[in-house]
Structures are given as structure tokens and as C-alpha cells.
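First the structure, in the form of C-alpha cells, and then the observations on it.
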Amino acid sequence: MTSENQDPWNEGTPVPLYVITGGPADSAAKTFNLVTLIATRSEPDPAMQPEHAAILTLCSYPLSVAEVSAYLSLPFSVVTVLLSKLVEEERVEAIAPVPVAAYPERGLLEAVIHGLRKL
């Protein structure tokens, strides 16, 4: 083995996900789903964790949690922990997805169609 392969801090060595998230997730963490939109509320700081800074840069235009996860190449669960911290610090805003509208009653639709046919 070369000394390069023995160095645990070699840039080719993957960083464990618990290091990125800062440990286990808080049980009171905000609940996100794949389509929750994330929008930046502040600029990244130079001393900030790289993943947090990347999220703030990416979300200058609102992106879904799924998109953030894909762009960062991190699992959804890791991204939700990172986002929870940013929401808690009020650096990003989580926008709930618009609920699917309920279908109108069949009678109402038939009345509208009937009215349109009379025109």
C-alpha cells in the first residue's frame, strides 16, 4: 500500500453522513416531503458548513427538497437534517406544497356543461 491509500483524510475518502449532519437528527426536526419548496432568506457566510452554503446558493430561486437532494448528491434524510437547521436559524424558508384541489361535485360539473351547451 502506498502512503496515499493509508491516509484517512485523503480527499478521495467519502465523508460519513453523520459528520455532514452533525450527528443524529433532532426528534423535533421539521418534517419535509419531496415537494416542499425551499427558498433562501440570507446569504451564505464564509465560516458556514459547505453543505449549508451550497443550499443557500442553490435556493436563491425556490427548489423542492428532492431537487436540493439531487443537486447535492446527498440522501433525502441528510438534506432534511441540514434544512431543519437552516430553517431553525431562519436562513431558509420552507414553503408547503399547494394541496391538490378537491374535485367539484359531479352535479356541478354537469350543470356547467349543460349551461355551456345552451350558449
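The values are calculated or read from the model by the stated rules, or taken from the named source; none is laboratory data. Keep in mind the model is a prediction, meaning the values are calculated, not measured. Please note: Cβ atoms are built from the backbone with ideal geometry, for glycine as well, and neighbour counts cover all protein chains shown.
Okay, here's what the table says:
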read-out	value
Complete set of residues in the range 38-63 that are surrounded by fewer than 18 Cβ atoms within 10 Å (Cβ to Cβ) and touching a strand residue (DSSP E or B) at 6+ places or on another chain (Cβ under 7 Å)	Ala39, Arg41, Ser60, Pro62
Lone unmet requirement of (1) modelled with pLDDT of 90 or more; (2) in a helix (DSSP H, G or I); (3) among the hydroxyl-bearing types (Ser, Thr, Tyr) for Ser77	(1)
Extreme residue, surrounded by the fewest Cβ atoms within 10 Å (Cβ to Cβ), among residues of the range 90-119 that are at pLDDT 90 or above and either of a type in the set (Ser, Thr, Tyr) or assigned to a loop (DSSP other than H, G, I, E, B) (or both)	Glu90
Any chance Ala66 is surrounded by 11 or more Cβ atoms within 10 Å (Cβ to Cβ) and either assigned to a helix (DSSP H, G or I) or at pLDDT 90 or above (or both)	yes
